[in-house]
Each structure stands twice: as C-alpha cells, then as structure tokens.
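Engineer: Before I ask anything, let me first share the structure, which is written out below as structure tokens.
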Amino acid sequence: MCSRQLLWLAVLGMCLPVAAGAAAPKKCVSADEASKMLNKEVCVSAHVYDVVEVADGTRFLDVCAPELADDRCRFTVLSLKEDHAAVGELNKYRDMDVQIRGIVQPMHGRAGMVLSHVRQFNGGPPVFKPNPLLARGFSADQARPPVNDPNLRSQGGKRATPNTKNQEALPGK
C-alpha cells in the first residue's frame, strides 16, 4: 500500500470510534444514582413495584423495594392528572423493569421525575408546559406580543406627532 492509503486508513480508524460513541444512546442510571443528579435530564432504569393513585388523580410509580422504609426511598416518578391521556394506563408497568427519560427535580425532600407523556418510556423528552403566569392575558387572536416588553412597542404613541404649527417649508413648495 502506498503512504497515502495508509494515511486514509489511519484517519478512518480514528474517526470511527468517535462517531460510534457519539451515536450511542446515553446509559440509563439507577434510581439511587438519579436522586443525586438534580436538574439534569437522565434516563432512569428502575423496577416498578406498585402504581399508586391519590385522591386528586396524581399517580406515582413506586420504584423503591417494599422492604425499604418510605423515609429512606430517595426517588419517585409521578404523573399528574392532566397528563392522564398523554401518559395512558400505568398499571401495565406494575412488576416490570422500565426506562424513563426526564428531568430529575427535587420533590418534598426526595428527588423525582414527572412523567408527562408515554414517549418518555422510549427515551423521548417530557412534554414542555409553558408557565401560565407568563402567558397571562395572551390570546393567539391578538396582534400584540405575549409579553409586555417596552422594546416591542411602537415608540412614542401620540406624543411622536410633530407640532404642525412650527414647521419649516420644504424646498420646492
């Protein structure tokens, strides 16, 4: 082989492992590891021991072993009532190993993840929910922007009209 072909093989040999590593999906972590990764998007691999629904419609996936005391359980997965249609039936995941992707958040003294869409079970991101306080008073039918930013308003309003009595005559008139 000539030196040019050897050079190409060497470059190709160095690039393939980098490309393969970039395309490989991120490894899922255990619920214990995820509880230490607050405010990060991670994939959590856990066993669902039970599915609990409380009176307000919020559902919890119990990922802690039954012999572990509740105050020692450091991670939870919850699904809000308004996400019931997007998440679907959770009882089918009882006694199963699952992988859920989402953002780990602090929740009442422990870490947790909000399950807002069924695609999170397949590695997809949670559904983005806009803050209703920021979008207050906005409708898509309006021509104005959804925020009250002075930089987005027309400047001056009626105060910008010149005084018509003290105008100079334009040349040629």
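Engineer: Determine which single condition Q99 fails, assuming it passes every other condition in (1) touching a Ser or Thr at 6+ places or on another chain (Cβ under 7 Å); (2) assigned to a helix (DSSP H, G or I); (3) open to solvent by 50 Å² or more (accessible area, probe 1.4 Å).
Structural biologist: (2)
Engineer: Can you confirm whether G109 is modelled with pLDDT under 90 and within 29 Å of the chain's Cα centre (by Cα)?
Structural biologist: Yes: the conditions hold for G109.
Engineer: Among the residues of region 88-106 satisfying the criterion of being under 17 Å from G57 (Cβ atoms) and of a type outside the set (D, E), which is farthest from the chain's Cα centre (by Cα)?
Structural biologist: By that ranking, first place goes to N91.
Engineer: A further question follows. Within the set of pairs 6+ apart or on separate chains, which have a first residue in region 74-94 that is polar (S, T, N, Q), a second that is open to solvent by 80 Å² or more (accessible area, probe 1.4 Å), and C-beta atoms under 9 Å apart?
Structural biologist: From residues that are polar (S, T, N, Q), the pairs are T76/H108.
Engineer: Check Y93 against each of (1) more than 20 Å from A111 (Cα to Cα); (2) open to solvent by 60 Å² or more (accessible area, probe 1.4 Å) and name the one condition it does not meet.
Structural biologist: (2)
Engineer: Okay, next question. Across region 23-36, what is the number of residues that are open to solvent by 60 Å² or more (accessible area, probe 1.4 Å) and either among the acidic types (D, E) or at pLDDT 90 or above (or both)?
Structural biologist: So the count comes out to 3.
Engineer: Now for a different question. Can you tell me which residue within region 40-86, out of those that are part of a strand (DSSP E or B) and acidic (D, E), is most open to solvent (accessible area, probe 1.4 Å)?
Structural biologist: Among those that are part of a strand (DSSP E or B) and acidic (D, E), it is E53.
Engineer: Now a separate question. Against the condition over 16 Å from the mean Cα position of the chain (by Cα) and modelled with pLDDT under 70, how does A160 come out, does it pass?
Structural biologist: Spelling it out, A160 is indeed over 16 Å from the mean Cα position of the chain (by Cα) and modelled with pLDDT under 70.
The values are calculated or read from the model by the stated rules, or taken from the named source; none is laboratory data. What you see is a predicted model, and the numbers here were worked out from it, not measured in a lab. Note: ideal-geometry Cβ built from the backbone for every residue, glycine included; neighbour counts use all protein chains shown. Ligands, DNA and RNA are stripped out before the accessible areas are found, and what is left, the full protein with its side chains, is counted by its heavy atoms. Shrake-Rupley method; radii C 1.70, N 1.55, O 1.52, S 1.80 Å.
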